[in-house]
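Asker: Below you'll find the structure I mean.
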Amino acid sequence: MKNLDILKNFFLLHCMVLITFTASADDDLYQNRCIDDVEKQFTEVQYEGEKSCIGADKGFCNSKYTLRKNNRFGLNNHFQGIARNGPYLYISGGDSKDLSGDLFIAKMESQQSNPNINNQICTTHTPHESDDAFEKFIQHSDRIFDKIDITQDPAWHGGGLFLSGNLLVVPVEEWRRGHGLASKILFYDVSTPDRPKLIPSATITRKHHDAGAAFVHRLPNGHYIAGMSAKGVKGMNPSELHLHYSRSKNIVDGFHKKYYTPSFADNKSISFGQSLGIMEDCKTHELYMITMKNKNLIPYFTRGKNALALYKLTFNEGLNHAPSVSFIAKRFLEKTNLWGYGNFDAAASVEVSSDHKLRIISANFYRHPLYGLSKGAVGSQFIRMQEFHPE
């Protein structure tokens with residue numbers, strides 16, 4: 001009997017340790033970061049972002065993700081999402097010819113200890129300097145080094161990314177002729193930044209709804225809320241915000257299929273774009289959402305201002321119901337186009353830094369050569385990026 005009691009106590013202790021480890025691991029991995037005074041920092045975001053670039057040769061076949069003729073001048077594929085995890089970057093894209101989705105992983109060695117992305121290599125290098133030095137930098141320092149296939153048949157178009165703690169959200173949708181038919185929201189554990197690990201049981205499958213961009217946030221009650229922009233019944237442009245709540249406090253238990261559509265406190269609709277993010281105010285603990293798009297008249301080609309819109313989410317009926325959404329403010333940043341650095345119609349994301357600052361990171365649609373039609377046009381390709389933060 002004594003041995004049986006010892007065995008029973010050991011079993012109970014083992015279970016307690018296992019439960020504690022699972023809970024603490026979940027807390028550590030997916031803890032939200034808050035921002036000091038969201039509304040104030042939003043108004044102080046700089047007009048001109050800091051420019052950078054990364055090498056983009058590895059993981060690409062031929063002319064994919066370029067403006068070259070054999071890529072139908074960029075119509076076959078383009079980048080659509082970006083997220084930053086310290087010196088690591090995640091960039092999504094989709095190929096309309098192969099109906100495949102990509103998640104590229106990059107590391108910026110030069111920015112290992114820099115809170116802002118600002119290597120300036122593309123803006124300071126000129127054709128008169130050593131091309132060999134630039135090639136060495138772009139090939140071995142700041143570059144894409146891996147790729148993950150995110151195709152979820154029939155969904156293939158990788159959308160706007162969002163990173164919350166060590167939880168990366170990747171929306172993938174079936175996109176045809178401007179109408180989304182189905183989508184999946186994938187969740188990756190990026191606690192090991194260079195090896196994102198899919199959490200299959202957390203995947204949200206949406207058979208009749210698209211999802212151009214998505215976010216996730218852990219609520220005060222421990223449950224998760226996942227939000228995504230959807231076209232709804234209006235067709236071409238995202239017009240609705242869909243919210244899915246998690247089944248439990250553990251992300252691996254997944255989300256409910258039922259979604260909620262928030263009401264608008266001021267009778268205005270949300271100005272959606274290609275990306276959106278959610279954040280919490282450190283002092284008030286209120287939740288805010290930012291949407292991003294470019295105000296160009298002709299997509300890609302004309303110079304349009306990068307636009308940000310800030311909204312507040314208020315849970316009047318509790319955390320398991322749809323919140324009310326209130327418009328707070330709008331910002332217009334510098335103009336950009338198909339050849340610019342950061343374009344909010346391409347890849348853009350809200351980043352909450354470890355020092356509780358708001359940062360917006362953005363990238364271009366395509367890989368570009370170093371200089372126009374000179375030697376760089378047939379050399380290494382790179383991706384232009386831009387980061388905006390409060391001045």
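The values are calculated or read from the model by the stated rules, or taken from the named source; none is laboratory data. Just so we're clear, the structure is a prediction, and the values are computed from it rather than from any experiment. When we count neighbours, we look across all protein chains shown, and the Cβ atoms used for this are built from the backbone with ideal geometry, even at glycine.
Asker: Is it true that Phe344 is of a type outside the set (D, E, K, R) and surrounded by fewer than 21 Cβ atoms within 10 Å (Cβ to Cβ)?
Answerer: no
Every residue, every condition in (1) modelled with pLDDT of 90 or more; (2) within 14 Å of Met292 (Cα to Cα); (3) touching a strand residue (DSSP E or B) at 6+ places or on another chain (Cβ under 9 Å); (4) in a strand (DSSP E or B), yes or no:
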| residue | (1), (2), (3), (4) |
| --- | --- |
| Leu308 | yes, yes, yes, yes |
| His321 | no, no, yes, no |
| Val325 | yes, no, yes, yes |
| Gly376 | no, no, yes, no |
| Arg384 | no, no, yes, yes |
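Asker: For the stretch 288-299, what are the residues that are modelled with pLDDT under 80 and crowded, with 20+ Cβ neighbours inside 10 Å?
Answerer: Asn296
Asker: Name the single residue that is modelled with the lowest pLDDT among those in the stretch 223-244 being in contact with an Asp or Glu (Cβ under 8 Å, 6 or more places away or on another chain), of a type in the set (Gly, Ala, Ser) and surrounded by 19 or more Cβ atoms within 10 Å (Cβ to Cβ).
Answerer: Among residues in the stretch 223-244 that are in contact with an Asp or Glu (Cβ under 8 Å, 6 or more places away or on another chain), of a type in the set (Gly, Ala, Ser) and surrounded by 19 or more Cβ atoms within 10 Å (Cβ to Cβ), the one modelled with the lowest pLDDT is Ala230.
Asker: Residue by residue through the stretch 142-177, note down the ones that are among the β-branched types (Val, Ile, Thr) and over 16 Å from the mean Cα position of the chain (by Cα).
Answerer: Residues satisfying the conditions are Ile144, Thr151.
Asker: Ok, one more. Working carefully through the options Phe42, Phe79, find the one that is surrounded by 18 or more Cβ atoms within 10 Å (Cβ to Cβ), in contact with a Leu (Cβ under 7 Å, 6 or more places away or on another chain) and at pLDDT 75 or above.
Answerer: That would be Phe42, the only listed residue that is surrounded by 18 or more Cβ atoms within 10 Å (Cβ to Cβ), in contact with a Leu (Cβ under 7 Å, 6 or more places away or on another chain) and at pLDDT 75 or above.
Asker: Report yes if some residue within the stretch 315-325 is on the phi > 0 side of the Ramachandran plot and under 21 Å from the mean Cα position of the chain (by Cα); otherwise report no.
Answerer: There is no residue in the stretch 315-325 that is on the phi > 0 side of the Ramachandran plot and under 21 Å from the mean Cα position of the chain (by Cα).
Asker: For the stretch 45-63, enumerate the residues that are over 16 Å from Phe145 (Cβ atoms), surrounded by fewer than 23 Cβ atoms within 10 Å (Cβ to Cβ) and touching a residue at least 24 places away in the same chain (Cβ under 8 Å).
Answerer: Val45, Gln46, Tyr47, Glu48, Glu50, Lys51
Asker: Checking Lys330 against (1) touching a residue at least 60 places away in the same chain (Cβ under 8 Å); (2) assigned to a strand (DSSP E or B); (3) out of contact with any helix residue (DSSP H, G or I) (no Cβ under 7 Å at 6 or more places or on another chain), which test does it fail?
Answerer: All conditions are met except number (1).
Asker: A further question follows. With the stretch 193-235 as the region, which strands (runs of 3 or more DSSP E) entirely inside it contain at least 1 residues that are closer than 16 Å to Leu276 by Cα, touching a residue at least 40 places away in the same chain (Cβ under 8 Å) and touching a Ser or Thr at 6+ places or on another chain (Cβ under 9 Å)?
Answerer: Per the criteria, 214-218, 224-230.
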